[in-house]
Amino acid sequence: MFTTITALLAALPLAFGSTGTAPVGIDKTAPVITRDDIVINAPLDRIWRIQTDIENWPAWQPNVSSAVKQTPGRLRPGSSWVWSTEGLENITSTVKQVQPKRRIVWGGPAQGITAVHVWTFTQARDGVHVHTEESWTGDPVTANTDYLQDALDDSLDHWLHNLKQQAEKRHPRA
């Protein structure tokens, strides 16, 4: 039993990200929340690589006009990038938690909106299930909730379908 508990305790940083804390999630009280899922028929490694290659987002996400990492190396808690999408300019996003090939959480402020974005990747028999959820809070959200809810719903739907299209392309090397 001691070996099992020791192994469990040693695995906690992997289960909860490198911070060793409970998983970070969206703001469940936010006025705008979107959740969406898709199944992608491609190797999990490829999907993860595409999703976390921040500076290549504009190549496959038509609504992302720029994305520049501010922190070199692999994504880890505290890594940040500046990007522009859907008319929002110079968004600074920061990784809050990451569990490679399983889960990544990022967020930050943009023009008065505070966003928290969670992505989970689960291998299954029918492909990789990609689940995303995002919350938005702030005065602009409160002032125009219906419009921004529709905008976020559409944005995440497009993101998932673009990710699926990019990941399912035939590549000479998987």
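How many residues, within the stretch 138-165, are of a type in the set (S, T, N, Q) and under 16 Å from residue 85 (Cβ atoms)? Outline the logic, then answer.
If we filter the stretch 138-165 for residues that are of a type in the set (S, T, N, Q), which is where we start, we get 142, 144-145, 149, 155, 162, 165.
From what's left, under 16 Å from residue 85 (Cβ atoms): 155, 162.
Going through the stretch 138-165 one residue at a time, the tally reaches 2.
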Q. How many residues does the stretch 94-111 hold that are at pLDDT below 95 and touching a Gly at 6+ places or on another chain (Cβ under 8 Å)?
A. 1
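Yes/no per residue for (1) surrounded by 14 or more Cβ atoms within 10 Å (Cβ to Cβ); (2) over 24 Å from residue 129 (Cβ atoms); (3) at pLDDT below 95:
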position	(1), (2), (3)
30	yes, no, no
51	yes, no, no
55	no, yes, no
64	yes, no, no
67	yes, yes, no
70	no, yes, no
74	no, no, yes
78	no, yes, no
92	no, yes, no
Q. Here are some conditions: (1) touching a helix residue (DSSP H, G or I) at 6+ places or on another chain (Cβ under 7 Å); (2) surrounded by fewer than 19 Cβ atoms within 10 Å (Cβ to Cβ); (3) farther than 20 Å from residue 47 by Cα. Residue 99 meets all but one. Which one does it not meet?
A. (3)
Q) Give me the pairs: first residue in the stretch 63-91 and within 21 Å of residue 103 (Cα to Cα), second residue among the aliphatic types (A, V, I, L, M) and surrounded by fewer than 13 Cβ atoms within 10 Å (Cβ to Cβ), beta-carbon distance under 8 Å, and six or more apart or on different chains, which are they? A) 81/68; 82/68; 83/68
Q | Residue count for the stretch 127-174, restricted to those that are touching a Ser or Thr at 6+ places or on another chain (Cβ under 9 Å), within 15 Å of residue 37 (Cα to Cα) and among the polar types (S, T, N, Q) | A | 2
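Considering only residues that are hydroxyl-bearing (Ser, Thr, Tyr) and either over 23 Å from residue 56 (Cβ atoms) or at pLDDT below 95 (or both), which ones fall in the stretch 117-174? It would help to see each step written out before you state the result.
Of the stretch 117-174, the ones hydroxyl-bearing (Ser, Thr, Tyr) are 120, 122, 132, 135, 137, 142, 145, 147, 155.
Hits for the stretch 117-174 are 122, 135, 137, 142, 145, 147.
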Q. Taking the stretch 151-174 as the region of interest, how many residues are surrounded by 13 or more Cβ atoms within 10 Å (Cβ to Cβ) and either in contact with a Gly (Cβ under 8 Å, 6 or more places away or on another chain) or free of Cβ contacts under 8 Å to residues at least 12 places away in the same chain (or both)?
A. 1
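The values are calculated or read from the model by the stated rules, or taken from the named source; none is laboratory data. Owing to the predicted nature of the structure, the values given are computational and were not obtained by experimental measurement. FYI the Cβ positions are ideal-geometry reconstructions off the backbone, even for glycines, and counts take in every protein chain you see.
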